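Values quoted throughout were computed directly from the atomic coordinates according to the rules given, and no laboratory measurement underlies them. Fair warning: this is a prediction, and the values are worked out from it, not measured in the lab. In this analysis, Cβ positions are derived from the backbone assuming ideal geometry, glycine residues included, and neighbour counts consider all displayed protein chains.
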Amino acid sequence: MRPGGALPEVSLVLGTSDQGPALSTLDRLAARLAAFTHAKVTSAREGGRTVKTIDFTRFAVRYAGLGDKILITSGLNGIGAYTDSGSKLPDSADFKEAKDAAGMPSSNSGFVYVDLKNALALVESLAGIAGSAPPAEVMGNLRPLRSFVAWGKSSGNSATFDAFLEIK
């Protein structure tokens, strides 16, 4: 997640060994979701790749194949931001600190990272959109939260899942 307009941008990057079938599955899911919700699915070329958009009128979800990955995002510039040069999540000092504090191995099957200290502003913003403010006591209790990191690792027939909540 990263800051967006009224709502934050949410992106999911999935690894795939065979992009064709993965995108075909997403195309079928998009078509069914669009039929169920009366959304519209469109296709366009962007940066030399096909980008599909599911337009729900108030927001849209876009997805594209990126080599051995599939990117699904709610951001208008999410795909371009992911593929452009420039700083990325691994370059973030907050992410490095959270990863080190959690002891997350560099090799894993996948991970989730939430920058909780910077998410508080989002909570306050969303509450403001709803016409209220979170209680001061709640915000006071949330302020010590720094980050949440969870990851999985598999080897043969076994898998592990670890989670770490950093509080300062």
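Normalised by the number of residues in segment 1-84, what is the relative contact order in percent for Cα pairs under 8 Å and 6+ residues apart?
Worked out over segment 1-84, it gives 31 percent.
Using a 10 angstrom cutoff on alpha carbons, build the Gaussian network for the chain and name the most mobile of GLY131, GLY75, GLY156.
Residue with maximal mean-square fluctuation among GLY131, GLY75, GLY156: GLY156.
Nearest 0.05, what FRET efficiency do THR16 and GLU97 give at R0 = 30 Å with Cβ-Cβ as r?
0.50
Over segment 1-140, consider all pairs of different Cα atoms and compute the Kirkwood hydrodynamic radius from their mean reciprocal separation; express it in Å, one decimal.
17.4 Å
How much length, in nm to one decimal, is gained on full extension between LEU122 and LEU142, taken as 0.36 nm per residue of separation minus their Cα-Cα distance?
Going from the current span to full extension adds 6.0 nm.
Return the sequence-ordered ³J(HN,Hα) values of segment 133-147 in whole Hz as given by the Karplus equation 6.51 cos²θ - 1.76 cosθ + 1.60 applied to θ = phi - 60°, using x for Gly and Pro.
Once θ is set to phi - 60°, the couplings for segment 133-147 become 9, x, x, 4, 5, 5, 4, x, 6, 7, 4, x, 6, 9, 7 Hz.
Extending each Cα 7 Å along its Cβ direction at ASP84 and MET1, get the distance between those two points in nm, one decimal.
So the label points at ASP84 and MET1 sit 2.3 nm apart.
Cross-link list LYS96/LYS117; LYS96/LYS153; LYS52/LYS96; LYS52/LYS88; LYS88/LYS168; LYS117/LYS153: which exceed 21 angstrom alpha carbon to alpha carbon?
LYS52/LYS96; LYS52/LYS88; LYS88/LYS168; LYS117/LYS153
What do the square roots of 5 times the Cα gyration tensor eigenvalues come to for segment 7-73, in whole Å, largest first, as semi-axes of the equivalent ellipsoid?
Equivalent-ellipsoid dimensions as semi-axes: 19, 14, 11 Å.
Find how much the distance from GLU9 to LEU165 grows on full extension, using 0.36 nm per residue of separation minus their present alpha carbon separation; answer in nm with one decimal.
So the extension gain works out to 53.9 nm.
Once phi is turned into θ = phi - 60°, what whole-Hz ³J(HN,Hα) does the Karplus curve with 6.51, -1.76 and 1.60 give for every residue of segment 13-21, x standing for Gly and Pro?
With the stated coefficients, segment 13-21 comes to 10, 10, x, 8, 8, 9, 4, x, x Hz.
Hey, if you drop one equal point scatterer on each alpha-carbon of segment 69-145 and run the Debye formula without solvent, what base-10 log of I(q)/I(0) do you get at q = 0.13 Å⁻¹?
Result of the Debye calculation: -0.61.
When the dipole is taken about the Cα centre of the chain, and only Lys, Arg (+1) and Asp, Glu (-1) are charged at their Cβ, what size is it in debye, to the nearest 20?
That gives the chain a dipole magnitude of about 360 debye.
Counting each DSSP H run of 4 or more residues in the chain as -39500 (n - 2.57), what helix-only mean residue ellipticity at 222 nm follows after dividing by all residues, to the nearest 500 deg cm²/dmol?
Result for the chain, helices only: -10000 deg cm²/dmol.
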